[in-house]
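The structure under discussion appears below in the form of structure tokens.
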Amino acid sequence: MTSRAEKIDRFPNKININVSKIQNLKSPRAEPLSVFLRFEYNDGQFSESGKFDVTDGNPRPIDHAAVLGINASDPVQIDDLGQKPILITLLEAAPKDKKVKEDKSTPFGQAVLDLWPLLKKETQISVTLPVHPITGSFLETQGEQHQASLLVSVSVEQPLVSTRDQSNTNSISVTLEGLYSPPETWIAGGSSFIYTATLPMPLNDDKDTTLVFTNGTIRAPTDVTNKQKRWPDARRILASNANYIPGHTINEESIDDEQGDLRDKKDREFRTNAEKNKPQIVWNIERRCFLLPHGSQSLQHQITRAPYIAVEIVRSSAPTAPRGKKDDDSGTSYHGVAYIETAPLLYPGATRCRGAYKVVPYNEAEYKSKTKRSNNILDDAMRIANNLFDRSALSSTKKDMKLAVEKPPTSSAAASASKKKVESGEEVAPTTSETQQYLEQNSYIIMDITVDRPIIEKRSLSDLFRKISDLIPPRSNYPVKVNSSVKAVEDYHQQIKNVCSLVLDEYRKVCNDETNSEAPLPNDQKRRKLLYELNSTGKYFAFKEQLKHSVIKIVREKFLRTSKFNNPDELQTFISQLYVFLLDEMHRSLNKSLNIAEPEPVPPLRNTDEQLRTFALEAESNGDYLLAANYYKQRIAQHPDKLRCWLDFAAFHLLVNDLIKAEECLKECISIEQTNSTALLLNAVINGILENNEIADLFFETVTTEDSENVIAWTLYGVFQKHIGNEMNAQITLAQAEKLQRAILKSEDDQAAALAQQSAPLTDEKREEEEKDRSAEEALKSSDPQLNVSSKARVSRSSKSSKQKPEKTKAEILSARKSQDVSSLIEPEKVVTKKSIYLKAAEFLLKYNVATWAEKALAYEFLTNTGKDSQVEIALAKAKILQQDFPAAETHITQALSLEYENVEAWALWGHIKYLQLDFEAAKGRYQRTLVFAEKPPDLHTVYIRLGAILLSKGAEASYTEAKEVFLNACRFQPTCTTYLGLGIACYRLNQFDDAEEALTEANFLNNQNAEVWAYLTLICLQTRRVIEAEQSYKYAIKLDLPAGQLMDEITSLQRQVGFGDPSF
């Protein structure tokens, strides 16, 4: 019982094979032929049928059921199903003889059953298997037309691969066709040698599978080669035609479709000669491998790590000893390697890699370098090949066959000898004389590697959109078309209206031309001019064509005329009636459509261009790029001819790294203003990134010609010249940029000096007036209290009158004094921190989100200016933030703060970095530190938004109060939907429902497509017991795809508590 349980555990999966009947099998003699079937798999027998008689070739029922047990969880047994078929051998039963113990049954035919479909989600297979004749049997005389066959059905109770794992499995088939242009010494050896090829295939993470292609044979050019693919395991296959895999053939394909070597035009003649006119080694073996779950990932990892797979090729003596006994001479020679580059299989959607690959002598150093393997697999492969070699053809006469030529040393012996030399420190010869013949003959193999499913799936529309219906908005069904006379007349009226509006447009153009002329035209002349325009431009005939279809419908539906007129009088009468009818209907249509009422005025735009730009930038900072793109498109729709809108849209596409669309936007900018330096510069930089160097050079040359004083243009032109390796031109352009920069700095210094000279005397005079006013006030206060009222009033009025003029400038005096003191303190630093040409170029590029070239410019800044500058570090931090390299950005920010600790922009950027790293507590501290400074950062709005969001996430009442103050400041600074939404949330959490509703209403006005706004309006309506409004707000929140989460759970909980708000209630 224990052994039986162990047997069941070893082979839990049962493959049921049922042979129902046999067809077209005739007895070669007059008496019936006694036949039985023998079932073999993996070099072993697992079933045998009972004997049955066959006579005249009619279908003969057999109904024999065989059961093959395997373990589907064992990768080795699953792999065997792809390379080892089930052999069904037909044997003629000999009469029993008690004196003779040996089996005298004679095999005469063999059928091959392929179990590979069972690994492809199949649980039942029904197939008709041809019975191939064994050499020398009577079946050879029947011919292919009357070939015997077996009707076989295969079934499994459960799929060999579980349904859960089927989507993660894959299969790979490797076909080795042959070796062409072999060494000349192989031809002399004849059939006394066998040729073996082997390669490792990484099917799982644990160990590679060694694929062996043995039984390669030499074929002369005159021999006809069967292009069917052969089984890799030919053991126990007795019929010659049973060696071939059913339905698998090698087709001739164009060299242009290959990925290997020898694809040039000069190699095609050589290949044609080698494949048609020279001897060759033929395998034509297909080795199929099944990849269990995660096998594709393992194969992808191995190809990424080492894209080359080495196919090792050797020649060895044909074994003469039976299997299981050691051969006297089993040495291998001519150890060559063909390196197959499998990287094309990693291309998305690729499933095949086929080509001709050169065979080179085996070199251990090259082998390790290309395959990243410690040693070759030849020894393991030869052990497998020795088991796979078909010894059925060996006879006792071949045991005495010896070669007269001297044998070269084996590759294994050479390898061990070379290893000893390496250990002793001696040099190792890279190749031997025999393997050198591969290079002399330019030998190559043709190999085909095919995967069932791509290793990397090609991105399809289903990855972007789950269903096509998601792209199509819901629409009502089209009304059923009903052709009637009323419908025909209505269509005619509609066409009259359309043509009338077009004619009016043409008439308006004529009237506009009249306003531009000096003398007005009379109406008759206007009419003639209109008719001339309609006839000369062809619009008159276009209008007639537009009316033709509606007139045809009237003829068919109203007058019921569908056939040709045979009588001319009848035709004339009909045309008259139709003409009158059409004129009457035309007048009716014109009377209805033409009126003198003024059209309704176009409502003013809700949001201005500047507001939309603010909203778009805010959406960018929040990472909502779809919403940002929507705002940019709204700006362009409102102002299609405004350059700023297209430039901002180009900057957005550069932010999301969509260079092609950014280039299209810049082309629109150039069409609006051809000399705009910003658009030309950005276009040049984009083409430089795309390696369109000629176009980039053209744009740079254009902008430096049009705007020759532009320092940034000359600097970027120099960076571009360095990028393409033109050092001489780079030096010239950068020298021009430096020259312009010096002129600009000199002009700024002169202006600053002039301003300082003008402000100095004015400040002294104001200081004297201020001292006089102060002394007058003190005298008034210290005077006798008994002083009469009139004298007090007189002194007071004189004091006030003297102060009326300086009162306005007092603040100016203090600010001027303060600015003068501060400027005197930082004047030396201004000289140090003046921006260089590279820093200006980098800031220009960062403004439009071109981080890669900004880094190039800053790299040249480090090369030219050795001193450290906080502005350079800040620029580098911005570039790293755009590239999402936050640790590097934080390094640059800390360096900037070490140089200038009170730099408010650096503190704000540090807060952004911590926020993007999700370290909200650290971001909060840095944002609060930013707001403490008197100077505000350039991106103050983003600081407010992110700090407010962090405070709202705390969940404490004190945090809500602080968040309310932050969002109030944000609303004062730049009111947006997000700022009012944050203010509304803070007020709601503080139970200030009226204030919250006002803020959320304003947020809804600024953007009525925000689901979160509608959600909080729902909460307020639920809290204030407003049933209808709560239900409507909830519907809009759901309609705008409010995501499931804490907010949705809070709404649902409150709805259940109050008992309304959800229409499903």
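Extension gain, Gln228-Glu144: 0.36 nm per intervening residue step, less the Cα-Cα distance, totals 28.6 nm. Couplings for the range 703-710, taken from phi via the Karplus curve 6.51 cos²θ - 1.76 cosθ + 1.60 with θ = phi - 60°, read 6, 6, 7, 5, 10, 6, 9, 7 Hz in order; Gly and Pro are left as x.
In the range 102-242, the convex hull through the Cα atoms has an average projected area of 14.0 nm², a quarter of its surface area.
Peptides 135-147, 373-385 ordered by packing proxy, namely the average of other Cβ atoms within 10 Å per residue, highest first: 373-385, 135-147. When both the range 941-986 and the range 869-938 are represented by their alpha-carbon centers, they are found 21 Å apart. For Gly109, the residues 5 or more places off, or on other chains, whose built amide H falls under 5 Å of its own are Leu90, Ile134. For the range 485-593, what class follows from the C-alpha gyration tensor (a ≥ b ≥ c being the square roots of its eigenvalues): rounded when a/c is under 1.5, otherwise prolate if a/b is larger than b/c, else oblate? Prolate is the answer for the range 485-593, as a/c is 1.5 or above and a/b outweighs b/c. Fewest neighbouring Cβ atoms within 10 Å first, the residues Thr704, Thr106 line up as Thr106, Thr704. Among residues other than Lys227 with Cβ under 10 Å from its Cβ, the summed charge is -1 (Lys and Arg +1, Asp and Glu -1).
Using 0.36 nm per residue and subtracting the Cα-Cα separation, the extra length available between Leu863 and Cys511 on full extension is 120.0 nm. Couplings 3J(HN,Hα) of the range 239-250, computed from phi: 8, 5, 6, 7, 6, 9, 6, x, x, 10, 10, 9 Hz, in residue order, whole Hz [Karplus 6.51 cos²θ - 1.76 cosθ + 1.60, θ = phi - 60°; x for Gly and Pro]. Backbone amide hydrogens, once placed in the peptide plane, bring Phe46 within less than 5 Å of Phe39, Glu40, Tyr41, excluding anything fewer than 5 places away on its chain.
Each listed q (0.20 Å⁻¹) maps to a log10 I(q)/I(0) for the range 839-992 from the Debye sum over equal C-alpha point scatterers, namely -1.18. Ordered by the count of other Cβ atoms within 10 Å of each Cβ, fewest first, Cys977, Cys971, Cys511 give Cys511, Cys971, Cys977.
Amide H contacts under 5 Å for Arg235: none, restricted to partners 5 or more places along the chain or on a different chain, H placed in the peptide plane at 1.01 Å from N. Rounded to whole numbers, the Karplus 3J(HN,Hα) couplings from phi for the range 973-981 are 6, 8, x, 9, 4, 5, 5, 5, 5 Hz, using 6.51 cos²θ - 1.76 cosθ + 1.60 with θ = phi - 60°, and x at Gly and Pro. Out of the GluC sites (Glu not before Pro) in the range 33-138, which ones are loop residues according to DSSP with at most 13 other C-beta atoms within 10 Å? Qualifying residues, ordered by number: Glu102. Classify the range 952-998 from the C-alpha gyration tensor, please: rounded if a/c falls under 1.5, else prolate or oblate depending on whether a/b exceeds b/c. Note, shape of the range 952-998 comes out oblate. Which shape class applies to the range 196-276: rounded if a/c is under 1.5, otherwise prolate when a/b exceeds b/c and oblate if not, where a ≥ b ≥ c are the square roots of the Cα gyration tensor eigenvalues? Oblate is the answer for the range 196-276, as a/c is 1.5 or above yet b/c matches or exceeds a/b. By the count of neighbouring beta-carbon atoms within 10 Å, fewest first, Ser192, Ser443, Ser167, Ser47 end up ordered Ser167, Ser192, Ser47, Ser443.
No value in this document is a laboratory result; all are computed from the given coordinates. This one's a predicted model, so the numbers in the text were calculated from it and none came from an experiment. Note that each Cβ is placed from the backbone with ideal geometry, even for glycine, and that neighbours are counted across all protein chains shown.
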